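Notes for the one structure printed next.
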Amino acid sequence: MSTSSLVADAGHRCILSADIVWRTRVRVSLRSLTILYVTYANLSGCKARPLPLKGHLELTRTICIFLSGIFILVPPLCAQLPVAKVVESANRFLALLTDGQRQKVMFAFDDEQQRARWSNFPTGMVPRAGINFREMTEPQRAAVLDLLGTVLSPMGLEKVNQIRMADDDFKVNGSRNGPGGRGRPGGNAGPPPGQNGPPGGKRGPGGGGGDLFGSDLYYISFLGKPSASAPWMLQFGGHHLALNITISGSNGVMTPSLTGAQPATFTANGKNVRPLGRESDKALALLRSLDDTQRKQAILTYRVPDLVLGPGQDGKKISPEGLKVSQMNERQRAMLLDVVAEWVDIMNTGSAAERLAQIKAELNETWFAWSGETDFRAGENITAYYRIQGPHLVIEYAPQNGDPTNHVHTIYRDPTNDYGRALAKR
């Protein structure tokens, strides 16, 4: 058999390329080879996942290279976090802190009060625990970004930075730096329970947001000690951002997490920036792909004014509604997964691949609902609410009152595994 090139994609971006060479003196039956692959994958802590190859040969996330009667086992393609690198990065940051700072950022893993201490509100209205960028030295700030870069994907880190940039813009300009928007009907839904804050702080010149806002008012904290085996949690957030990332071994989950932006469109370095623009554009494209019958099912007959499962709503149950994804064609199902990926792919590609595979397997039990207008210009942030809900997934996109094209909140949850509760029990 001639040398063949194998390129395997272990879900999303984890790619390994290798050559498999058989010499005539090596004779291994397909059955024996398959058993070897499955056994090694399972011993390595990976779920055996068949990988189709030419000639109907199936490998299970392990490549055995046979050369001159000697075989070399290459580690399996596990869609997991680089846990050693994550823990090393976390400990590097902690080592840079003073004793006082370290005491402020460390909490017990089972601290339920700290778990739930996140919000869409500015930190001056709803205080966060931990330490923020304003309190850090430059090496400490760099270490935080390095840690986020190991836990998040490049896209995820960019989204986080753009949300922080939006807060800098709001600090100076208020809500004025963006396109004119269309209002939405109805009254203000109000903040979640327990999250009412003071009406505001000192305003900056020219109607800016003032001292309550800025990219340096984002906090980091840890629940549990960073570990390669025991569960622990990383929290990072501030205004319009709350990442709750639970890590157990080489597995990680990022629910519940909140992303938002105000302004949702702004200019930085001469470029138009939309931190949540793809979430808007992709959902609108999906809606436009639906036929009349599908649209009648997907579009709700009432207005959803805000996030239903936002901050302060842990444990709340909602019934799925709208269009069941089993009624979509393959193209539409792929489009819906592409919308979901805007949240899932915030995490490191390993964990994201596992998560997206879980959601894909449950598509027939997933629903898509839309509430609000349906006619928008290209590149315009939608003013409509939408929800994607499955057995292990709730995503909500909720424009806010005032100028809803320029102020949006979103939530990403797994009701069965928020704060990694199920993961930590494994």
Item to check | HN-Hα J in Hz across segment 131-142 - Karplus 6.51, -1.76, 1.60, θ = phi - 60°, x for Gly and Pro | outcome: 10, 9, 4, 5, 8, 9, 7, 4, x, 5, 4, 4
Checklist entry - If you place +1 on the Cβ of every Lys and Arg and -1 on the Cβ of every Asp and Glu, how big does the dipole about the Cα centre of segment 83-424 come out, in debye to the nearest 20? => result 320 debye
Checklist entry - In whole Å, what is the distance between the alpha-carbon centres of segment 396-415 and segment 290-343? => result 14 Å
Checklist entry - If you project the alpha carbons of segment 83-424 onto their three principal axes, what span does each projection cover, largest first, in Å? => result 62, 50, 38
Checklist entry - For S289 and D99, what is the calculated FRET efficiency with R₀ set at 56 Å and r taken between the beta-carbons, to the nearest 0.05? => result 0.50
Checklist entry - Once both labels are modelled 7 Å past Cα along the beta-carbon direction, what's the E158-D146 spacing in nm? => result 2.4 nm
Item to check | FRET efficiency for N364 and M106, using Cβ-Cβ distance with R0 set to 30 Å, rounded to 0.05 | outcome: 0.10
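Since every read-out is calculated from the coordinates, none of them should be taken as a lab result. Just so it is clear, the model here is predicted, and its values are computed rather than measured. Heads up, the Cβs are rebuilt from the backbone with ideal geometry, glycines too, and the neighbour counts pull from every protein chain shown.
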